[in-house]
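Worksheet: one structure, shown below.
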Amino acid sequence: MSLEMLDRGLEERIPRLYRHDAESFVWVLTYATVVNVEYKNHSVKISRPTSVQHWFTADKESHISSKQAFSYSYGHRFPVAKPHKQYSTIVRGLIDYWVRFERDLVESKSDGPTESEIDNPEGALESFIKGVETTLRADAQKEFAKVKALLLEAIRAPEDV
């Protein structure tokens, strides 16, 4: 779940926006890169770092603070699973983007979403992409360009993807 929806969504009745879904996807992607999945004797064993335990069992404040701190530990204290190491720089950039976005949102004391955010999936996606690009190192920007092209294609012509 997005940080904004966790923090204020229900109490302040914030409408669910496309950016909330994009951020939720990033947290799922992040989770998928740090869990270890073992297949053995027709069973599956999932081991996850203690830092993501708060995402499933803790109170709201612990959940939020663990996500905010996660970008500092991602890939270091909580290593990325071997098959996903090639994506770690991009995923870290995505995490950093959303943590910074939420911090800026709180500091601006926004009155809520702008009209253009409410029903503009393409604009929301383009804002997200632009923001992420500014957080990535040059080597990750090259890899992200491939993802960017697919995202824009999917939002502009979803029936073709």
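Fewest-first ordering of E4, E107, E153, E133 by other beta carbons within 10 Å of each residue's beta carbon gives E107, E153, E133, E4.
Counting only pairs 8 or more residues apart or on different chains, how many lysine pairs in the chain have their Cα atoms under 18 Å apart? Don't skip to the end; give the middle numbers.
On the way: K40/K82; K45/K82; K85/K142; K85/K146; K130/K142; K130/K146; K130/K148.
Counting lysine pairs in the chain gives 7.
Rounded to whole numbers, the Karplus 3J(HN,Hα) couplings from phi for segment 42-59 are 6, 9, 10, 10, 10, 10, 10, x, 4, 4, 8, 4, 4, 6, 10, 10, 8, 6 Hz, using 6.51 cos²θ - 1.76 cosθ + 1.60 with θ = phi - 60°, and x at Gly and Pro. Residue by residue, segment 17-30 carries 3J(HN,Hα) couplings of 10, 4, 5, 5, 5, 5, 5, 4, 4, 4, 5, 5, 4, 4 Hz when phi is fed to the Karplus relation 6.51 cos²θ - 1.76 cosθ + 1.60 (θ = phi - 60°); x denotes Gly or Pro. Cα centroids of segment 125-139 and segment 23-48: 25 Å apart. Model label points for S47 and E153, set 7 angstrom from Cα along the Cα-to-Cβ axis, are 3.8 nm apart.
Note on the chain: with a GNM built from Cα contacts shorter than 10 Å, the maximum mean-square fluctuation among R19, R100, R137 falls on R137.
State, as an integer percentage, the relative contact order of segment 3-160 based on alpha-carbon contacts under 8 Å between residues 6 or more apart.
Working: 121 pairs, mean separation 41.8, N = 158.
Reported relative contact order: 26 percent.
Full extension of the chain segment joining Q86 with D21 gains 21.0 nm, where the gain is 0.36 nm per residue of separation less the Cα-Cα distance.
Can you put K142, K40 in order of Cβ neighbours within 10 angstrom, beginning with the fewest?
Details: K142 10, K40 7.
Ranked by crowding around the Cβ, least crowded first: K40, K142.
Read the figures in this text as sums done on the coordinates, not as results from a lab. Please read all numbers here as calculations on a predicted model, not as lab measurements. Positions of Cβ are backbone-derived with ideal geometry, glycine not excepted, and every protein chain shown enters the neighbour counts.
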